[in-house]
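The values are calculated or read from the model by the stated rules, or taken from the named source; none is laboratory data. Every value quoted in this text rests on a predicted model; they were computed, and no experiment measured them. Because the Cβ atoms are built from the backbone with ideal geometry, glycine has one as well, and the counts that use them run over all protein chains shown.
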Amino acid sequence: MKRLLWGIDPYRMMRKGRRSKKTESIPVLRLFLVWAVLVTGAIALGWKLYQLQIIQGSDLKRKARQQQKSSVSLYVPRRPIIDGEGNFLAMDRLLFTLYAHPIMFKIDIEEMAGKLGKILPSLTMAELRDKLASQKTGVRISDQVMESEARQVKSLYLDGLELERRHARIYPSEDVAADIIGYVDGERRGQAGVEYSQQTLLARNELILPLSYTGMERLMPTHVPEGLVNLDDLRLQLTLNLRLQRAARAALKGQMAEYKAKRGAVLVMDALDGSLLALVTEHTYNPNDYHEYGLKLLKNWAITDLYEPGSTFKPINVALAMSAGVIKSHERFNDTGRITIDRSVISNHDYYSKGGRGYITVDQILQYSSNVGMIRIAQRMGRKGYYEALEQLEIQEKTEVDLPGETPGYLKPKKVFIRSGIEAAAASFGQGLSLTPLKIVQLHGAIASGGKLVTPHVVRGLVDPDGNFHWQPPLRKKRVFSAQTSQTVLEMMETVVTKGSGKVAKIPGYRIGGKTGTAQKASATGGYQENAKITSFVAILPVDAPRYVVLAVIDEPKGENTFGSTVAAPIVKEVMEALIAIEQIPPSTGGSPRLTAPPLSRGD
Amino acid sequence: MSVSRHSLQKPKQEKVKKLPAWKSKLPTGLRALLFLKRSVSVFLFLSIAATVIVYSRKEYVEGEWSKSYGELEALLRDERELIATNEALKNQLADLAEKPETGLVPITPKTTIFLDPAQERPLKESQTKTFRGTLGEKTPLGY
C-alpha cells in the first residue's frame, strides 16, 4: 500500500494487504520482474531509437536517398520557334536508339522480332530477324524510335533490350527558312540564325532532379521541386511569314536557275516597325542535316556580305539632297551622257546607245538611272556635306538586326572622300561604298516609313499559346528624312515603275515605287571585274500608304541580257503578288474604304 | 475433506463489511496520475486514429498525383508528336503545291477579289415606343 509502483492495479494492491505474508512476496517479485522487463525493453528501444535517429540519422538518411532516388535529368524542351502565323519552324522532340543484346533474351529471336515488328513499323520482320541474328550483343536496331514507340518497347518488360534517349531538334519547313532559323548542334547549342542569336531565350537548362520513383515507375511527389509541373510553354515568335518566305524562295530559285547565278537574296520588310516578313538567300541548306553542307552555306550572306548597291542607292541620295534643301523636285539637270571627274571618265550605262539626254528632271534621272544626273545632284551638296549626310544614315554602323554575323557597311575614309571628287561622284550612283542587302532594305524603309530609320528584326517576342506576349525586343527609330521628302522621293520612284526601267514590276491596280540596280563587282585586287555584276531591284508598296519594302539581289547572273530590270525585277514582282494576297493589301485605285464611322444616332 | 464438511455444517455468520470506496482513500497525487493516465490513453487513441487517416489520405493523394502526372506527361508527348506530324504534313503539301503537275496556282492579286466594305447605314429610329408613363396604383404588376 505504501509503495506505489507504476502499472500495478490498485485493487490488487489493496487486497494484498489482507492476505497472509506468505503469499505476499511472490506477486511482488513477479510484478517487479515484469516491470523490469518492460522498463528495460522501453529503455533499450529508446536507446536504439536515439542511435538510429540522432547518431546514425544523417548517415542512414543518405543511404536511403541513394537507394530510393536517382538523379533524373528531366526533359525540358528547348523553346519552339514559330512564324508570324503560328506555324512551327523549329521544335524539340525526343528520339530513342534501340539496342538489342540477343545473348540476354529469354525468348527466341523469332518471337522477339514479332513483338518488335508490331511496334516499329519502319522495319520488316525479315530485317528485324537478320539484325537480331547478326550479333550476340549491341545490335543497333533503330536510331529513329519515336517517344510513343519507345514507351511500348519499355512496357514489354523484355530482357536484352536497351533504349538510349536523345534530344532532337526538328525543322519541319526544312530549307524554306533555314537562313533565319539556323540550327543547333549535337550539344543543343545554336550555331546559326535565330537559334544562335536568341540562345538565351530558347535554351532552358535541363533540370537534373533527385526524384523518387515507385516500383511502378511512377514519380513520387514527396520531393518534387516547385515549378516542375509549371514549366512555361512560351514560344519564340518570329515576324516571318512562312507562306511569303516560300513564295520568295520559289521565285528566287526559278530566276537563279534561269541565269545560272552564283547566289541570290530576297528580303521583305514591313517598314512601319522594321519586321522582316521574308528573308531568303540562295543557296541554302536543310537544318535537319546541317552537317552535310559546307560552312559557306551556313551563313546568311544578306547580312554578312557587303556589295556595292549601284543604282538602288540613287533614291537615297536624292532624298539626302532634298533634305539638305539643295535640290527641288521639279528642277532640271543637264545630263551630258558622260562626264570627266578628276581625269576619270564616267558615263551613263546607255551612253553608247542614247548619248546625252540634255536637261532632265529628278524623276527622269531615276527613270533612266542617269549617273551624270546623280553626280550633278551630289555636287550640289558639297563633298563634306554629302559625307556627313551619309554618316547620318549610319552606313558604317550595324543595323542591330537580331541575326548573327552582321557586317557594318563601308564608306571611304572621310579624308579620302573629301580630297578627291571621284569618291563623291561614285557614291552618288551607289559605287565605292559597300552595304549589306539588309542595310539597303533599311534605307529604303526610311523612304517607306515617312523618313524613319527602323531596326530590321525577325524576333517578335516570346508568346504563350494564347497569343499573349511575355517579352518583346526593344526597337529603335530615328528620323533621317522629313515625311514630305520621303513621300516625294517615293512618288519619283513610282515613275520608275510606270515609265522607267522598272516596268517589269508593274502590278495592275497597285501603285508601286521601285528602282533597278546593276552594279559592277569590285575585284579583290582593286578596280572592278569585267564580267561580274550584281543585279538588284527594290520596290516599295503601296505608294498611297507606303509600308512594305521588297528587295531582290542576284549575284553574277550569266548571259546577255542581265540587268536589275530583267533578272531581279521579275522576282520582286512575284514576291509582291504573293505579299498582296497574303497581307490582303487592297488595290490603290478604286474607292478607299471609309474608316470614319458616321455619328451614331440612337432611337430613344 | 473433513475441514470442508465442517465448514459446510458451520457456516460462518460473519457480516460482510462494506469496504470503503478506495478512491476516496487514494492520495491526491495518485488520483491525479490516474486521471493523467486515462486522458493520455484517450489522446493516444485519437492520435493513432488521426495518424492512420492522415497517412492513408497522403498515400491516396500521392497515388493520384503520380497518376495525373503520368497523364500530363503522356499528353505533352502526344502534343509534341501531333505538332511534328502536322507540320511535316503541311510542309509536304506545300512542296507538292509548288510542283506544276498538281495544277495548283499561287494566289495573286489577279485571282483575288477585294470587296469594298459597304457604306455604313445610319441606324434607324426604333419603331417600338418605350413605355414612359407611371404605373397606376390600381394596376397590379403581376399575379
Checklist entry - In the stretch B:8-28, is there at least one residue being assigned to a helix (DSSP H, G or I), more than 30 Å from A:R246 (Cβ to Cβ) and at pLDDT 85 or above? => result yes
Checklist outcome for this item: Residue hits (the stretch A:391-416; aliphatic (A, V, I, L, M) and crowded, with 16+ Cβ neighbours inside 10 Å) are A:L393, A:I395, A:V401, A:L403, A:L411
Item to check | Complete set of residues in the stretch A:276-296 that are out of contact with any strand residue (DSSP E or B) (no Cβ under 7 Å at 6 or more places or on another chain) and surrounded by fewer than 17 Cβ atoms within 10 Å (Cβ to Cβ) | outcome: A:N286, A:D289, A:H291, A:E292, A:G294, A:L295, A:K296
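A quick yes/no check of all residues on (1) modelled with pLDDT of 85 or more; (2) in contact with a strand residue (DSSP E or B) (Cβ under 9 Å, 6 or more places away or on another chain); (3) part of a helix (DSSP H, G or I); (4) at positive phi:
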{"position": "A:L45", "(1), (2), (3), (4)": "yes, no, yes, no"}
{"position": "A:L49", "(1), (2), (3), (4)": "yes, no, yes, no"}
{"position": "A:S71", "(1), (2), (3), (4)": "no, yes, no, no"}
{"position": "A:R79", "(1), (2), (3), (4)": "yes, yes, no, no"}
{"position": "A:Y99", "(1), (2), (3), (4)": "yes, yes, no, no"}
{"position": "A:K106", "(1), (2), (3), (4)": "yes, no, no, no"}
{"position": "A:G114", "(1), (2), (3), (4)": "yes, no, yes, no"}
{"position": "A:A126", "(1), (2), (3), (4)": "yes, no, yes, no"}
Item to check | Matching strands (runs of 3 or more DSSP E) fully within the stretch A:473-575 where at least 1 residues are closer than 21 Å to A:E258 by Cα and β-branched (V, I, T) | outcome: A:513-522, A:528-541, A:548-555
Item to check | Residue in the stretch A:143-155 that is away from every other protein chain (no Cβ under 14 Å) and either part of a helix (DSSP H, G or I) or exposed (fewer than 12 other Cβ atoms within 10 Å of the Cβ) (or both) present | outcome: yes
Item to check | Residue that is farthest from the chain's Cα centre (by Cα), among those in the stretch A:506-544 that are over 24 Å from A:E308 (Cα atoms) and more than 14 Å from every other protein chain (Cβ to nearest Cβ) | outcome: A:D544
Checklist entry - Which residue pairs have Cβ atoms under 6 Å apart, sit 6 or more places apart or on different chains, and have a first residue in the stretch B:37-66 that is within 12 Å of another protein chain (Cβ to nearest Cβ) and a second that is surrounded by 10 or more Cβ atoms within 10 Å (Cβ to Cβ)? => result B:E62/A:P221; B:W65/A:P221; B:S66/A:R218; B:S66/A:L219
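In this structure, does A:D402 turn out to be over 21 Å from A:L306 (Cα atoms), modelled with pLDDT of 90 or more, among the acidic types (D, E) and out of contact with any Leu (no Cβ under 9 Å at 6 or more places or on another chain)? Even if it seems obvious, please write down each step before you answer.
Details: over 21 Å from A:L306 (Cα atoms): no; modelled with pLDDT of 90 or more: yes; among the acidic types (D, E): yes; out of contact with any Leu (no Cβ under 9 Å at 6 or more places or on another chain): yes.
No.
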Checklist entry - For A:A247, are the conditions met, namely being assigned by TED's automatic domain parsing to the domain that holds A:L453 and either among the aliphatic types (A, V, I, L, M) or closer than 19 Å to A:V401 by Cα (or both)? => result no
Checklist outcome for this item: Given (1) surrounded by fewer than 23 Cβ atoms within 10 Å (Cβ to Cβ); (2) within 14 Å of chain B (Cβ to nearest Cβ); (3) assigned to a loop (DSSP other than H, G, I, E, B), A:A168 misses just (3)
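I want to confirm something. Restricting to the stretch B:118-133 and keeping residues that are modelled with pLDDT under 80 and within 53 Å of the chain's Cα centre (by Cα), which single residue is nearest to A:A251 (Cα to Cα)? Can you show your working first?
As a first pass, look at the stretch B:118-133 and keep what is modelled with pLDDT under 80: B:124-133.
If we keep only those that are within 53 Å of the chain's Cα centre (by Cα) too, we end up with B:126, B:128-132.
Details: B:S126: 56, B:T128: 61, B:K129: 64, B:T130: 64, B:F131: 67, B:R132: 69 Å.
Result: B:S126.
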Checklist entry - Which condition breaks for A:K398 when tested against (1) touching a residue at least 24 places away in the same chain (Cβ under 8 Å); (2) within 26 Å of the chain's Cα centre (by Cα)? => result (1)
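For A:E577, are the conditions met, namely being buried (at least 20 other Cβ atoms within 10 Å of the Cβ) and either within 14 Å of chain B (Cβ to nearest Cβ) or more than 26 Å from the chain's Cα centre (by Cα) (or both)? It would help to see each step written out before you state the result.
Details: buried (at least 20 other Cβ atoms within 10 Å of the Cβ): yes; either within 14 Å of chain B (Cβ to nearest Cβ) or more than 26 Å from the chain's Cα centre (by Cα) (or both): yes.
Yes.
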Checklist outcome for this item: Of the residues in the stretch B:74-123, those that are more than 9 Å from chain A (Cβ to nearest Cβ), more than 30 Å from A:P465 (Cα to Cα) and in a helix (DSSP H, G or I) come to B:P100, B:E101, B:T102
